[in-house]
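Engineer: This structure is in structure tokens; I'll ask about it shortly.
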Amino acid sequence: MSILVDKNTRLLVQGITGREGTFHTNQMIAYGTNVVGGVTPSKGGQWFEGDDKRVPIFDTVKSAVEATGANASIIFVPARFAVDAIYEAADAGVDLIVCLTEHIPVLDMIAARAYLETRRITLVGPNCPGLLTPGQAKVGIIPGNIAMPGNVGVVSKSGTLTYEVVDALTRRGIGQTTCVGIGGDPISGVSFIDVLQLFEDDPETEQIIMIGEIGGNAEEQAAAYIARNMTKRVTSFIAGRTAPPGRRMGHAGAIVEGGSGTADGKIVALRQAGVTVADHPDQIVDLIG
Amino acid sequence: MNLHEYQAKRLFAEHGVPIPDGKVASSPAEARQIARELGGRVVVKSQVHVGGRGKAGGIGLANTPDEAEAQAARILGMDIKGYKVRRVLVDQQAPGIKQEIYLAVLIDRAARRPMIMASAAGGMDIEEVAATTPEKILTVHIEPALGVRGYQATYLASAMDLPRELWRDFHKIVASLYACFQANDASLTEINPLVITGEGKLLALDGKMSIDDNALSRQTRLAEMRDTDEEPPAEREARLSGINFIQLEGNIGCMVNGAGLAMTTMDVIKLFGGDPANFLDIGGGAKAEQVTTALRLILSDPNVKAVLINIFGGITRGDEVARGIIEALAQIDTAVPLIVRLAGTNAKEGMEILAEAKMETAVTLSDAAQKAVAAAKRGAS
């Protein structure tokens, strides 16, 4: 088992003909992901000539879903078109949308998020590295060669820091069920809590690694959730302990977040919830072994 | 991106928030002229991107144009928490202040909605109010598709016990502030204080506004309002190259891809007894050119005794980074040791390029950090 993506994932790539879309579509196919189609408006009817596979291109997500039975879509579209791509995928009826695009304006994401809440669609991202279920499917840009199948679930706000941890696990012979990069934007799709819940319910996942960073209060909320609802062991790392305090303006942030948002605040909240927190990423493997 | 008070209030006024008459001056003579036009009784306010201006002496009252000139002469050039005052706002004094209210629109990340925050106990000590008497801070969330509804403004006015004759005006100000927030892709619009004047009118005496950096490409007018005087030159160059760079005090330069990994790299350097000279995230999919710029920025700091380059490829490709490092070193003559660690996408190709150039490499982050700390210690002694 695994969460969110597996052998049954039938993936569309929105923005398949762009530079990043092309490169990473080839990487996803090489990993064994079932990429069934691509979408680039005005290039419908053409083919994506991949290194290992030809993939049909469609003008719209709707026509792509109808023709291929796709159930997931990944978005490699520039920021100014990315929110439209999310709405389009949602309206076309895929179950899972993974948006890698960074620099999407936050008010656009607030509106998109509110729209998705009215439907049964899972959004991962934006500004995230996507997901990887080792040995089954790579939906995103997490390098496939650093992961191996196993029983640890990984969820992270950060992109490259996730790779760091997954790589350390694999080098120690500890495999993963699924690695999920949820993205670090102020407003995004699935939260730590959503993914923790999926891992808790996944019989293959024996324990979970949660990687957070300073800012916001998602880690504090996750700590409260873990204390109340999780039976599986959670180990964590929080990035930014030595980061200088940002130049804050206005009073609103301080009033809303109070003492939370700092690495120390998050670490205290997690430890109180029974979570083991590592001092550096390489230490995580020693703690969970 | 943060705006200055005078810029924020001008935008508020465009959406119908009442503000005092006023103008910006960059010399005492100009301040005097503005004070004369405004009738003499003015307040002279430093325009810097930092809070606590009043407590730092950056705000002065004047009752005549002469006094305004003297206040401007005193305030211009002042250093407020490391920010030099280059401009002052000369505002007409409010005709008496009966009450100070706090009103802001911001994004509540947890609720994933914009939120209006208000308090009848506004003014300089609002953070103290929030910490000690949180019940005095009122909040309402805004459904993005609906916008602010009248009943929400009524709730705030009623809960703050505002005089009823002001409710209509207060409604208008709440709606205007939210409209301003939306139209300008703000992450914060804040009025503190919104005062009830001696004449019984609402007036926004101070304003703060932050704009979502991700929206500046469509908010071109606001992008031009950026005060580049307040940005260190190296950080400005980094921003224009799409690099996220913050100068720090230590001696180990860092170049990393991804903010989380960049912070972690700093954390690990500290953990092994070193001190990072900067935070630098070259961003996703960085090309050789950005790597060159990044390395030049890092090495322009004379404190830097070693550089740690930590790239874990996803969108960013190891070979591109390696080529960037080689290109940069061909342009920059430096004796500072570089420790490079590449992993992930095309890391093998990248490491081969670096091995040919005889560079010091590392496999793990801990290993890389320890090598960088050792190199910096050798360089410092």
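Engineer: Hey, any hits in the stretch B:281-301 for a residue that's part of a strand (DSSP E or B) and crowded, with 21+ Cβ neighbours inside 10 Å?
Structural biologist: Yes, the stretch B:281-301 contains a residue that is part of a strand (DSSP E or B) and crowded, with 21+ Cβ neighbours inside 10 Å.
Engineer: Turning to a different aspect of this structure: For the stretch B:259-268, state whether one or more residues are surrounded by fewer than 18 Cβ atoms within 10 Å (Cβ to Cβ), within 13 Å of chain A (Cβ to nearest Cβ) and not charged (D, E, K, R).
Structural biologist: no
Engineer: Over 18 Å from B:Asn257 (Cβ atoms) and without any contact (Cβ under 8 Å) to a residue 24 or more places away in the chain: which single residue out of B:Ala357, B:Ala380, B:Ala335, B:Ala376 fits that description?
Structural biologist: One residue alone meets the criteria, B:Ala335.
Engineer: Can you tell me which of (1) closer than 20 Å to B:Gln290 by Cα; (2) free of Cβ contacts under 8 Å to residues at least 60 places away in the same chain is the one B:Glu352 doesn't meet?
Structural biologist: (1)
Engineer: Just to check your reading of the model, which residue among A:Glu257, A:Glu213 is within 14 Å of another protein chain (Cβ to nearest Cβ), within 30 Å of B:Glu230 (Cα to Cα) and at pLDDT 85 or above?
Structural biologist: A:Glu213
Engineer: Would you please name the residue that is nearest to the chain's Cα centre (by Cα), looking only at residues in the stretch A:150-189 that are over 16 Å from A:Asp6 (Cβ atoms) and away from chain B (no Cβ under 11 Å)?
Structural biologist: Here the answer is A:Ile182.
Engineer: Please determine whether any residue of the stretch A:228-238 is surrounded by fewer than 22 Cβ atoms within 10 Å (Cβ to Cβ), assigned to a helix (DSSP H, G or I) and either at the interface with chain B (Cβ under 9 Å from one of its Cβ atoms) or not β-branched (Val, Ile, Thr) (or both).
Structural biologist: yes
Engineer: Next question, about the same structure. Taking the stretch A:126-160 as the region of interest, how many residues are of a type in the set (Gly, Ala, Ser), in contact with a Gly (Cβ under 6 Å, 6 or more places away or on another chain) and either modelled with pLDDT of 95 or more or closer than 14 Å to A:Gln27 by Cα (or both)?
Structural biologist: Residues in the stretch A:126-160 being of a type in the set (Gly, Ala, Ser), in contact with a Gly (Cβ under 6 Å, 6 or more places away or on another chain) and either modelled with pLDDT of 95 or more or closer than 14 Å to A:Gln27 by Cα (or both): 4 in total.
Engineer: Any idea which of B:Asp206, B:Asp185 is acidic (Asp, Glu), out of contact with any Cys (no Cβ under 7 Å at 6 or more places or on another chain), buried (at least 17 other Cβ atoms within 10 Å of the Cβ) and more than 22 Å from B:Thr133 (Cβ to Cβ)?
Structural biologist: Answer to the check: B:Asp185.
Every residue, every condition in (1) more than 17 Å from A:Leu270 (Cα to Cα); (2) in contact with a Leu (Cβ under 7 Å, 6 or more places away or on another chain); (3) modelled with pLDDT under 95, yes or no:
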residue	(1), (2), (3)
A:Leu196	no, no, no
A:Glu204	yes, no, no
A:Ala218	no, no, yes
A:Met230	no, yes, no
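Engineer: Within the group B:Glu235, B:Glu249, which residue is surrounded by fewer than 19 Cβ atoms within 10 Å (Cβ to Cβ) and more than 10 Å from chain A (Cβ to nearest Cβ)?
Structural biologist: B:Glu235
Engineer: Kindly list, by first and then second residue, each pair from a residue in the stretch B:60-84 that is modelled with pLDDT of 95 or more to a residue that is surrounded by fewer than 13 Cβ atoms within 10 Å (Cβ to Cβ) and not small (Gly, Ala, Ser), limited to pairs with Cβ atoms under 9 Å and residues at least 6 apart or on different chains.
Structural biologist: Listed pairs, sorted by first residue: B:Glu67/B:Leu61; B:Gln71/B:Leu61.
Engineer: Consider B:Lys136 against the criteria (1) within 14 Å of chain A (Cβ to nearest Cβ); (2) within 26 Å of the chain's Cα centre (by Cα); (3) not polar (S, T, N, Q): it satisfies all of them except one. Which criterion is unmet?
Structural biologist: Looking at each condition in turn, B:Lys136 falls short on (2).
Engineer: Does B:Leu342 satisfy the condition of being assigned to a strand (DSSP E or B) and either of a type outside the set (Gly, Ala, Ser) or within 13 Å of another protein chain (Cβ to nearest Cβ) (or both)?
Structural biologist: yes
Engineer: Now for a separate question. Considering only the stretch B:18-134, give the strands (runs of 3 or more DSSP E) lying wholly within it that have at least 1 residues that are outside the structural domain of B:Ser210 (by TED's automatic domain parsing) and surrounded by 22 or more Cβ atoms within 10 Å (Cβ to Cβ).
Structural biologist: Counting at least 1 such residues, we get B:22-25, B:42-46, B:59-62, B:88-92.
Engineer: When you scan the stretch B:188-203, how many residues do you find that are over 17 Å from the mean Cα position of the chain (by Cα) and either surrounded by fewer than 19 Cβ atoms within 10 Å (Cβ to Cβ) or of a type in the set (S, T, N, Q) (or both)?
Structural biologist: Matching residues across the stretch B:188-203 total 6.
Engineer: Testing A:Pro126 on (1) farther than 22 Å from A:Val180 by Cβ; (2) assigned to a loop (DSSP other than H, G, I, E, B); (3) touching a residue at least 24 places away in the same chain (Cβ under 8 Å), one condition comes back false. Which one is that?
Structural biologist: Against the list (1) farther than 22 Å from A:Val180 by Cβ; (2) assigned to a loop (DSSP other than H, G, I, E, B); (3) touching a residue at least 24 places away in the same chain (Cβ under 8 Å), A:Pro126 comes up short only on (1).
The values are calculated or read from the model by the stated rules, or taken from the named source; none is laboratory data. It should be emphasised that the depicted structure is a prediction, and the values quoted were computed from it without experimental measurement. All Cβ positions, glycine included, derive from the backbone under ideal geometry; neighbour counts span all protein chains shown.
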